[in-house]
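Derivation of every value follows stated rules applied to the coordinates shown; laboratory data play no part. The shown structure was predicted, so the numbers you read here are calculated from the model rather than taken from an experiment. Here the Cβ positions follow ideal geometry from the backbone for every residue, glycine too, while neighbour counts run over all protein chains shown.
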Amino acid sequence: MKNAVLDTNFILSCVKQKIDFFEEICFKGMKILIPEEVINEIKKIAISGKRLHYRRNAELALKVLEKNNFETIQFGSSNVDKGLIEYSKANKNAVIATLDSALKGKIKKPQLVIRKGKRLEII
């Protein structure tokens, strides 16, 4: 079974676009892993001084995470991108879910992305 490791921008974009990413990822036969560092980033956005819609999306994302089952992992580094890159290199069954173009270029493994606004695809 493949593991889908979710990045902060992926979760927030899915929430913003009203995509039920938990259901779709499970339907694709993957197990969801969310790094503790990603959850902490979302919590920081929810209480930050950023624009109201960013904070609301982060608050909604935290509620969605609360209601669904997933496993957490810890990178041991505060740099999430670096942790995702290292995790993808060390784990052959990892699919990284990100929308960060700089990160996509550094990850050679399959990636889970949002296509045409509502569909999740593995590329």
Legend entry - Pick from the stretch 64-84, criterion surrounded by 12 or more Cβ atoms within 10 Å (Cβ to Cβ) and not aliphatic (A, V, I, L, M), ranking: farthest from the chain's Cα centre (by Cα): 77
Inset, instruction - Please specify each residue of the stretch 16-59 satisfying the condition of being surrounded by 19 or more Cβ atoms within 10 Å (Cβ to Cβ) and under 13 Å from residue 119 (Cα atoms). - result: 21, 25
Legend entry - Any helices (runs of 4 or more DSSP H) falling wholly within the stretch 32-107 and containing at least 2 residues that are closer than 17 Å to residue 13 by Cα, hydrophobic (A, V, I, L, M, F, W, C) and touching a strand residue (DSSP E or B) at 6+ places or on another chain (Cβ under 8 Å): 36-47
Legend entry - Enumeration of residues in the stretch 1-15 that are within 19 Å of residue 117 (Cβ to Cβ) and assigned to a strand (DSSP E or B): 6
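Let's see how each residue does on (1) in contact with a helix residue (DSSP H, G or I) (Cβ under 6 Å, 6 or more places away or on another chain); (2) of a type in the set (S, T, N, Q); (3) closer than 27 Å to residue 48 by Cβ:
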residue	(1), (2), (3)
63	no, no, yes
81	yes, no, yes
85	yes, no, yes
90	no, no, no
96	yes, no, yes
104	no, no, yes
113	no, no, yes
